[in-house]
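These notes are about the structure you will find just below.
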Amino acid sequence: MVVHHGVGMIVDKWEQALSAEEYTEQDALNFSTEHELRGKVVWVTGASSGIGEELSYQLAKLGALLAISARREDELQRVKKKCLQISSLSENDILVLRLDLTDRSSHEAATNSVLKHFGKIDILVNNGGRSQRSLFVDTNLDVYNAIIELNYLGTISLTKHVLNHMIQRRKGKIVTVSSVMGIMGAPLATGYCASKHALQGFFNSLRTELTDYPEISVIQICPGPVQSQIIQNVFTENLAKSLENSGDQSHKMPTDRCARLTLVSVANDVKEAWISDHPYLAVCYLWQYAPTWAWWLMNRMGKRRIQNFKSGIDADASYSRKNNKKPVPNLLPAEGPGQHHLCAKDMHWPGTATLRVTPDLQRMEGAQTFDSHHAGDKDKAGRAIAEERRA
Ligand SMILES: NC(=O)c1ccc[n+]([C@@H]2O[C@H](COP(=O)([O-])OP(=O)(O)OC[C@H]3O[C@@H](n4cnc5c(N)ncnc54)[C@H](OP(=O)(O)O)[C@@H]3O)[C@@H](O)[C@H]2O)c1
């Protein structure tokens, strides 16, 4: 049963692609739903590093017009330069806009600057934010204040200004990079989890206030651990202290994979997408559907997380299959050509009763995998589509 218009469109595109004799790189791009982002004005916050930087590159390649924001303007200029190198965008298609999310009084003027430059904002990606590595008992309350100011209030403040414009146009997408920590609880991140849970509650509620605007989508992206600068930039016990040793981050999901699945979710108006390796994705399912087990499991996993952190390695290092002599079993079967990394909650049918990603979504993700792995190799591309269709 198809419950989402995006899936129907993908199936149509498969049919077209399957009837064609040859597949070009352009076909591969057109075949993905992300191509719908071409020409859209997308404002990405936190674009100076990590997920926001990678989103900017992928959006530029897709032909989206970009406003990129963060506090470090020199880093934004670096990102802009690379966007121009890897895409067909021109100088005026990318606006570098310095923005401090905690300086809420500046958000209206910033929104007006983007509107003056592009005339509209199609998509706001609320991505800027910082995480935490400190135990509550050791942590100054100022840190909690700062986390909420940045991750929660900064995000909803910018959303308010951009939403006014989207309401006038009666269309747009508000995308917020939340976290699996917005679904579950974990030690060393009490303030961070609280801020992401706040975002989840806020945007789930905002969506219900926008039912008169069916063309305004509210999309929450919940990544698990992803390679970025997030650990180097975490809040610690007090505002003056930074983390001494961030540890090896290579076991985490590659940034480009997270960005790609984010754009798939955005293009398909998925209300909430969990994007993660196991075991975090499986823990999300438990947290959602069997919380008693999640609490039990998280007590065990949490102890190890604290031990790891105290011994100077990445808090999450021991759960990675790469780092484990005894690999963590993939609790949910991988289907399709890509490993199962994405759960889109509004793809579940009926309601949220199923524990698996629907085949439709597997195919949707598979289409992207096809795009990235097989573009340029026509025979392989043809086979990938056919295999994907048979699955
Ligand atoms: N990486 C993960 O494992 C992971 C997992 C789940 C969710 N997330 C979420 O993903 C988002 C991006 O994080 P990331 O992993 O890409 O980390 P990152 O590499 O540290 O990037 C964070 C971005 O936020 C910006 N930022 C920080 N403070 C800001 C402020 N006061 N005003 C404006 N921008 C600010 C930073 O730019 P400036 O320093 O230049 O301002 C940077 O561009 C965050 O919301 C994070 O919570 C990350």
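The values are calculated or read from the model by the stated rules, or taken from the named source; none is laboratory data. Quantities reported herein were computed from a predicted structural model and do not represent experimental measurements. With ideal geometry, Cβ positions are generated from the backbone for all residues, glycine too; neighbour counts draw on all protein chains shown.
Any idea which residue in the range 208-229 is farthest from the ligand (Cβ to nearest atom), counting only those that are part of a loop (DSSP other than H, G, I, E, B) and crowded, with 23+ Cβ neighbours inside 10 Å? Residue satisfying both the conditions and the ranking: GLY224. Looking across the range 86-114 at every residue that is more than 15 Å from the ligand (Cβ to nearest atom), under 24 Å from the mean Cα position of the chain (by Cα) and not in a loop (DSSP other than H, G, I, E, B), the one that is nearest to GLU149 (Cα to Cα) is identified as LEU95.
Residues that are among the hydrophobic types (A, V, I, L, M, F, W, C) and outside any helix (DSSP H, G or I) were ranked within the range 172-207; the one that is surrounded by the most Cβ atoms within 10 Å (Cβ to Cβ) is VAL177.
Of the residues in the range 161-185, how many are within 12 Å of the ligand (Cβ to nearest atom) and not hydrophobic (A, V, I, L, M, F, W, C)? Here the count works out to 4. In the list GLU75, GLU36, which residue meets the criterion of being part of a helix (DSSP H, G or I) and within 9 Å of the ligand (Cβ to nearest atom)? On inspection, the qualifying residue turns out to be GLU75.
Per-residue answers, yes or no, for (1) closer than 28 Å to ASN245 by Cα; (2) in contact with a strand residue (DSSP E or B) (Cβ under 9 Å, 6 or more places away or on another chain); (3) at pLDDT below 90; (4) surrounded by 22 or more Cβ atoms within 10 Å (Cβ to Cβ):
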site: CYS258; (1), (2), (3), (4): yes, yes, no, yes
site: LEU261; (1), (2), (3), (4): no, yes, yes, yes
site: PRO279; (1), (2), (3), (4): yes, no, yes, no
site: MET298; (1), (2), (3), (4): yes, no, no, no
site: ILE306; (1), (2), (3), (4): yes, no, no, no
site: ASP314; (1), (2), (3), (4): yes, no, yes, yes
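Taking the criterion of being surrounded by fewer than 20 Cβ atoms within 10 Å (Cβ to Cβ) and more than 23 Å from GLY119 (Cβ to Cβ), the residues of the range 76-103 that qualify are GLN77, ARG78, LYS81, LYS82, GLN85, ILE86, ASP100, THR102, ASP103. Taking every residue in the range 192-203 that is under 17 Å from PHE235 (Cα atoms) and within 9 Å of the ligand (Cβ to nearest atom) and pairing it with any residue that is of a type outside the set (S, T, N, Q) and assigned to a helix (DSSP H, G or I), at least 6 positions away or on another chain, the pairs with Cβ-Cβ distances below 8 Å are TYR192/ILE147; TYR192/MET181; SER195/ILE147; SER195/ILE148; SER195/LEU150; SER195/TYR152; LYS196/MET181; LYS196/GLY182. If you go through the range 115-127 one residue at a time, do you hit one that is out of contact with any strand residue (DSSP E or B) (no Cβ under 6 Å at 6 or more places or on another chain) and either within 24 Å of SER242 (Cβ to Cβ) or within 16 Å of the ligand (Cβ to nearest atom) (or both)? Among the residues of the range 115-127, not one is out of contact with any strand residue (DSSP E or B) (no Cβ under 6 Å at 6 or more places or on another chain) and either within 24 Å of SER242 (Cβ to Cβ) or within 16 Å of the ligand (Cβ to nearest atom) (or both), which makes the answer no.
Within the range 235-243, identify whether any single residue is within 11 Å of the ligand (Cβ to nearest atom), at pLDDT 95 or above and not in a helix (DSSP H, G or I), and answer yes or no. Scanning the range 235-243 turns up at least one residue that is within 11 Å of the ligand (Cβ to nearest atom), at pLDDT 95 or above and not in a helix (DSSP H, G or I).
Scanning the range 268-303 for residues that are over 26 Å from ILE216 (Cβ atoms), out of contact with any helix residue (DSSP H, G or I) (no Cβ under 7 Å at 6 or more places or on another chain) and not hydrophobic (A, V, I, L, M, F, W, C) returns ASP277, HIS278, TYR285, TYR289, PRO291, THR292, ASN299, ARG300, GLY302, LYS303.
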